[in-house]
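Chemist: Before I ask anything, here is the structure I am working with.
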Amino acid sequence: MRVGIVGAGTMGTVHTGSHHEAGHQVAAIYDLRPEAAAANAARVGAAVAPTFEALLSDPTIDLIDICLPTPLHRAFVEKAARAGKHVLCEKPLAPTLEDARAMIDICREAGVQFYVAHVLRFFPEYERARNLVLAGKVGEPGVIRTTRGGIFPTGWDDWYADYSRSGTLTLDMIIHDFDWLRWTFGEVERVYAKSLSTRTTERLDYALVTLRFASGAIAHVEGTWSHSGFRYGFEVAGSKGLIDFDSAKIQPVVVQKRAAEAGVTGVAVPESPLRESPYTTEIRHFGRCIEHGEIPIVTAYDAYKAVEISLAALESARTGRPVTLAKEAF
Amino acid sequence: MRIAILSLAHFHGYSYAAAVAKHPAAELALIWDEDAARGGAAAQQFGCAFEPDLDRTLAAHIDAVIITSANVHHKEIAVKAARAGKHILCEKPIATTLADAQAMVAAARAAGVQFMTAFPCRYAPPVLRVKQALEQGAIGEILAIKGTNHGRMPGGWFADPGMAGGGAVMDHTVHVADLIRWFLGKEFTSVYAEVANRFHDIRVDDCGMLTMELEGGAFATLDPSWSRPAAYPTWGDVTMEIVGTKGTISLDAFSQNLSLYNNDDRVAAWVPYGSDMDEGLVNDFIAAAAANARPPITGEDGLRAMEVALMAYESARTGAPVIRGA
């Protein structure tokens, strides 16, 4: 598996390492900022592609991995598909359902495989929780709560703060939770939401979203770019039991430097190491889907449905009304 | 100050009775209960007289009453107590309908007696600390609040719609709704809610999710679900995540617990060591009654918090947000 990576920002950097760990050969990396591409390329012995087209015209590249800001996804996916490359695209799939649908269609027409990096399905705590739910350990699921977020993110050109590009945390971040919830608890019927993004021009976002599932279960999703650090967690309460997880409480390793040695103040850095990063597990899986026909754990259609929930939440936050999702699949 | 407990249908009555008994300037004079066995046993426990007749109780030499009956009986008892000239501390929710709550507040006003709604959470030291931090401007203006008041399904009359006026949403909306109003000093303007029965085979709702807006544009959500399984290490929680313009505050009001693992118990248990909150509530009530002064939590406060639960039920019925006063 030879991979061309587009984007050398936060996710491009993570994916570069993960492809390498998964045994994929990173052939070349393209970024608008050649120095960023060069830094990532140097880590894995890849070339720096002078243009995106150079990646597409390299006949030895099987997969194009697109780690770009959301509004750029459609154009890059379309070009990659037309060039006959399999495509892996960062989440969220697209800023609109129209774009999301078009991307899926063009990959289908071009006969290339198309994956979207909903990595939460590869986090073992989320996978274990889902398995417990499916095994009936909580009985009938009743109320599910999720939380995610921390500090307001900074990215290239500060694109997260430009909501016309990032789509707010509701599209960019808690789409992870929407996808996991739909994977675990089934289709969502109705969405109601409030969001700071519609109320303040400060560099703050905070969203509280209620989902009602077709099963009757209720979920509450919290997303924050108003806190410090980063924290995520969930609670699944059902008729027979309850599962909870809070990343802030799971700290198998804490490295603490004494103030005198650290310079200014003592800082504790907690870590929760795994043998393999969930990003690598995910990318290894997508590689096997392409090369060996492994059944995908998450499809582009799933990614489309997650975008649908995010956009419904944003519409609800804007209008103050609950939004009922379309029942029919496309 | 001679005080009567009116009904022990709600188990908080025992804790309030204990707080009265401890108070140096108050006397637990009488217990009335519609259930003579329960009332008699409680009277014996607290070393006071039991009176099986409500009218005779209210005609007795007492200054104030604490009402801990089933929700639906609050109004009749409170109106009688007010007319008999007794100051009133009433368990939450104040009533089950707006008309009942208004009648209670009006009766107390007409009789010139003090009416206090029992929101003991305002007296939990972690909650008081949050109130103080907010007043000191620690996080600037409040923009949003995420609240929970989880619990176990209490059973008994709590699960009887005719006695409780609702289920989890009626039982567990008012505490956090009151804290939100208290923290912000603003009124709710709209409520949207999903309400369901997912956990227990009972005739009332056992879970829900409320989303509220307040004057000035802050928003909040509240999970009032009876979603703690029997195996959970504690009864439930009151939590609030408060997002302000300058920072955030996380409150987990009843997290001052030890973890106990005992071979004779089936499950792990959290043993609370946090400070008692009912005593502060009862002490403030006794002080207000003694001075015939407005208590720190009024009937109006009780009414506003209950109104949120009623709006939640209406929203769940109509599928749309309910605008207050619309």
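Only the coordinates and a few stated rules stand behind these numbers; no lab work does. Keep in mind that what you see is a predicted model, and the values were worked out from it rather than measured. Glycine gets a Cβ as well: all are built from the backbone with ideal geometry, and neighbour counts include every protein chain shown.
Chemist: Within 10 Å of each Cβ in peptide B:318-324, how many partner chain Cβ atoms are there on average? Round it to a whole number, please. Numbers along the way, then the final one.
Modeler: Details: counts 0, 4, 3, 5, 0, 1, 0.
Mean inter-chain Cβ contacts per residue within 10 Å come to 2.
Chemist: Right, here's the next one. For the pair residue B:83 and residue B:37, what calculated FRET efficiency results from E = 1/(1 + (r/R0)^6), where r is the Cβ-Cβ distance and R0 = 35 Å, to the nearest 0.05? Please list the in-between numbers first.
Modeler: Values: r = 28 Å, r/R0 = 0.81.
Working from the Cβ atoms, E equals 0.80.
Chemist: Next up: Based only on the alpha carbon positions, what is the Kirkwood hydrodynamic radius of the protein assembly as shown, in angstrom?
Modeler: On the way: mean 1/r = 0.0367 Å⁻¹.
Here the Kirkwood hydrodynamic radius works out to 27.2 Å.
Chemist: Sticking with this one: 222 nm [θ] for the protein assembly as shown, helices only, -39500 (n - 2.57) per DSSP H run of 4+, per residue, to 500? Walk me through the numbers on the way to the answer.
Modeler: On the way: 23 runs with 239 residues, N = 656.
Theoretical 222 nm ellipticity from helices: -11000 deg cm²/dmol.
Chemist: Here's another thing I want to ask about it. When Cβ neighbours within 10 Å are restricted to other protein chains, what is their mean count per residue of peptide B:192-201? Before the final figure, lay out each step's value.
Modeler: Values: counts 8, 3, 12, 1, 6, 2, 12, 9, 2, 1.
Counting Cβ atoms of other protein chains within 10 Å of each residue's Cβ and averaging gives 6.
Chemist: With N set to the number of residues, divide the alpha-carbon radius of gyration of chain A by 2.2 N^0.38 Å and report two decimals. Can you show the working numbers first?
Modeler: Working: Rg = 20.1 Å, N = 330, 2.2 N^0.38 = 19.9 Å.
Normalised by 2.2 N^0.38 Å, the Cα Rg of chain A equals 1.01.
Chemist: Charges at C-beta only: +1 for Lys and Arg, -1 for Asp and Glu. How large is the resulting dipole of the range A:2-117 about its Cα centre, in Debye rounded to 20?
Modeler: Details: 10 positive and 13 negative charges, 11 e Å.
Charge dipole, the range A:2-117, about its Cα centre: 60 debye, nearest 20.
Chemist: Still on this structure, please answer the following. Obtain the nm distance between the two label points defined at residue A:244 and residue B:14 by a simple spin-label model: each point lies 7 Å from its Cα along the Cα-to-C-beta direction.
Modeler: Reported label-point gap for residue A:244 and residue B:14 is 2.4 nm.
Chemist: Further question on the same structure: For all pairs of alpha-carbon atoms in chain B, what percent lies in each bin of width 10 Å, listed from the first bin to the last filled one?
Modeler: Going from the shortest bin to the longest, the percentages are 6, 26, 34, 25, 8, 1.
Chemist: Based on the inverse mean of 1/r over its pairs of different Cα atoms, what is the Kirkwood hydrodynamic radius of the range B:174-326, in Å? The partial results should precede the final answer.
Modeler: Details: mean 1/r = 0.0554 Å⁻¹.
Result for the range B:174-326, one decimal place: 18.0 Å.
Chemist: Right, something else. Summing +1 for each Lys or Arg and -1 for each Asp or Glu, what net charge is found among the other residues whose Cβ lies under 11 Å from the Cβ of residue B:69?
Modeler: Working: positive: B:75; negative: B:33, B:34, B:35, B:76, B:91.
That sum, taken over residues with Cβ under 11 Å, equals -4.
Chemist: Want the number for residue B:133 to residue B:317: 0.36 nm per residue separation, take away the alpha-carbon distance, what's left?
Modeler: Values: separation 184, 0.36 × 184 = 66.24 nm, distance 3.81 nm.
Stretched out fully, the residue B:133 to residue B:317 stretch lengthens by 62.4 nm.
Chemist: State the answer as a single residue: which of B:167, B:137, B:221 lies farthest towards the positive end of the charge dipole of the range B:101-240, with beta carbon charges of +1 for Lys and Arg and -1 for Asp and Glu, about the Cα centre.
Modeler: Going by the charge dipole, the pick is B:137.
Chemist: Okay, next question. So the label point goes 7 Å from the Cα of residue A:201 along Cα→C-beta, right? Which residues of the range A:155-174 then have their backbone N under 20 Å from it?
Modeler: Only A:158-169 fall inside the zone, counting backbone N under 20 Å.
Chemist: Provide the descending list of Cα extents for the range A:1-159 along its principal axes, expressed in whole angstroms.
Modeler: Its Cα atoms span 54, 35, 32 Å along the three principal axes.
Chemist: Taking only Cα atoms, what is the 0 to 90° angle, nearest 10, from helix B:74-83's long axis to the longest principal axis of chain B?
Modeler: Roughly 50 degrees between the two axes.
Chemist: Now, a different point. So what's the angle, to the nearest 10 degrees on a 0 to 90 scale, between helix B:36-46 and the longest Cα principal axis of chain B?
Modeler: 90
Chemist: Further, regarding this structure: Return the average number of partner chain Cβ atoms within 10 angstrom of each residue Cβ along peptide B:142-150.
Modeler: Numbers: counts 0, 7, 12, 1, 7, 0, 4, 0, 5.
Average per residue, whole number: 4.
Chemist: Still on this structure, I have one more. What whole number of Å gives the distance from the Cα centroid of the range A:133-168 to the Cα centroid of the range A:188-258?
Modeler: 6
Chemist: Can you tell me, using C-alpha contacts under 8 Å and at least 6 residues apart, the relative contact order of chain A as a whole percent? Could you put the intermediate results ahead of the total?
Modeler: Working: 666 pairs, mean separation 63.4, N = 330.
With pairs under 8 Å counted, the relative contact order is 19 percent.
Chemist: Also, I was wondering about something else. So how do B:182-193, A:293-304, B:217-228, A:248-259 stack up, highest first, on mean other-Cβ count within 10 Å?
Modeler: On the way: B:182-193: 20.0, A:293-304: 17.2, B:217-228: 26.5, A:248-259: 10.2.
Ranked from most to least packed, the peptides come out as B:217-228, B:182-193, A:293-304, A:248-259.
Chemist: Assuming R0 = 51 Å, can you tell me the calculated FRET efficiency for the pair residue B:55 and residue A:326, based on Cβ-Cβ distance, to the nearest 0.05? It would help to have the intermediate numbers written out before the result.
Modeler: On the way: r = 62 Å, r/R0 = 1.21.
It comes out at approximately 0.25.
Chemist: Further question: If the cut-off is 15 Å between C-alpha atoms, which aspartates and glutamates fall inside it for residue A:327, apart from same-chain ones fewer than 8 positions away?
Modeler: List returned: A:187, A:189, A:302, A:308.
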